[in-house]
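Below you'll find the structure, written out as C-alpha cells, and then a few comments.
The values are calculated or read from the model by the stated rules, or taken from the named source; none is laboratory data. Only a predicted model underlies this, so the values are computations on that prediction, with no experimental measurement involved. Every residue, glycine among them, receives a Cβ derived from its backbone with ideal geometry; neighbour counts consider all protein chains shown. Heads up: the accessible areas ignore ligands, DNA and RNA and are worked out on the full protein's heavy atoms, side chains in. Shrake-Rupley method; radii C 1.70, N 1.55, O 1.52, S 1.80 Å.
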Amino acid sequence: MKKIMVGIGVSLMLVVAGCGASDSAAGESKEKTESKSKTLAEGDFAKMYSNPKSYKGYNVEFTGQVFVEPEKDEDGTYLQIYANPEDAEWNTIVAIKDPGLEVKTNDYVVVKGKVKDEFEGENLMGGSVVLPAIEAGSVEVVDYVTAVAPTLKEVKVDQTQDQHGLKLTVQKVEMAENQTRVYVKAENGTTESASVYPFNIKLLVGDQQLEEDSVYDTGLPELQSELLPGVKSEGVIIYKAVDPGTKDMKIHAEASNENYELDWKPFVFDVKAE
C-alpha cells in the first residue's frame, strides 16, 4: 500500500482545509447545508467505494482498523483504514484536524465525519485506485471487541477444576454475532512444567464440536501453552458464533504436566446460560 500513501499528507491537508481547486465558498456552503440531511445508511456503505465522489457531503460513522502508520503534520493526522476490518476490506482515507491524535497501526477506531472527496493513488501492482476521503470530526480509539464483535450475551461461569495442582478456570463466555469468546485462566501449582494448549480446548454445543478459530490483531490476551511451575496465565479463545439463545454448552479441555506417571483426565465444564 505504500504507493497509495505517497503524498497523502499533502493531498489530505487540502481535503481537510477545504481549499481544493474544485471548491468554492458557495460550493462549501451548499455542501454543508445539504449534508445535514444526508447520512450514508449502513446498508449502502459498500456502494460508496464504487463511486466515492457521488457521496460527497454525506455524513458517515463507521468502525475500522488502521493498517498503515499514521502520518501527521502541523494541521492534522492522516489515516488509512479498513472500514471492514474483519475482512480487511473498504480501504478508506481519513483526515482529522488534530495533529496530537494518539493512534497507531492496528488500532481500531470509530470515525465520525463526512465524505469530503475521493483520493486517487496506485496499488502495489501499479494500478489506479480511487478511495473515499473522509474529513473526520472525531476519531476514537476502541478495543477489538467493540469494533469487530460486540458482545450480545455474556455468561458468567467462574468454575475452577484442579488436577494434581494444575488449576484450570473458565471465567466467562461472550457471544457475539460473528464469534464466541471463552475466557480461561490456567495456574500451574505443580513442580513440573505444564501444557495447556488452546487448540486442545473445545467448545461443545449440542452435537457440534467447535475448534479454536485463528483470529489475528485482536489485542486480546492469549493463553500461554507452556507454563513453568508457579506460573499463571489468562487468555481468550475464539470460536465461531453460537446462537445467543443456546442454554447448554460444555468446555472440554486437555492439559497435563511432565510427570507422565500421573493419571490426567479431561477438564470438563458445564456452562448453563439463563
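Per residue, how much accessible area does region 120-197 have with a 1.4 Å probe, in Å²? Don't jump to the answer; show the numbers that get you there.
Values: 3510 Å² over 78 residues.
Accessible area per residue, region 120-197: 45 Å².
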**Request:** Give me the distance between the Cα centres of region 59-83 and region 157-229, rounded to whole Å.
**Result:** 35 Å
**Message:** Limiting things to C-alpha atoms, what are the Rg and the maximum Cα-Cα separation (Dmax) for region 108-193, in angstroms?
**Reply:** 22.5, 64
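Once you order the gyration tensor axes a ≥ b ≥ c over the Cα atoms, which shape class does region 181-271 get: rounded for a/c under 1.5, otherwise prolate or oblate by comparing a/b with b/c?
The shape class here is oblate.
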**Asked** In region 223-274, which trypsin sites (Lys or Arg not before Pro) fall in coil by DSSP and have 15 or fewer other Cβ atoms within 10 Å?
**Response** 240, 247
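Restricting to DSSP loop positions (anything but H, G, I, E, B) with no more than 12 other Cβ atoms inside 10 Å of their own Cβ, which GluC sites (Glu not before Pro) remain in region 206-253?
Passing both the DSSP loop test and the Cβ count: 222.
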**Request:** Starting from the Cα of residue 86, step 7 Å along the direction of its Cβ; do the same at residue 162; then give the gap between the two resulting points in nm.
**Result:** 4.1 nm
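Report in % the part of the accessible area of region 54-150 that belongs to carbon and sulfur, leaving out ligands and nucleic acids; probe 1.4 Å.
Working: 1920 of 4270 Å².
The C+S portion of the solvent-accessible surface of region 54-150 is 45 percent.
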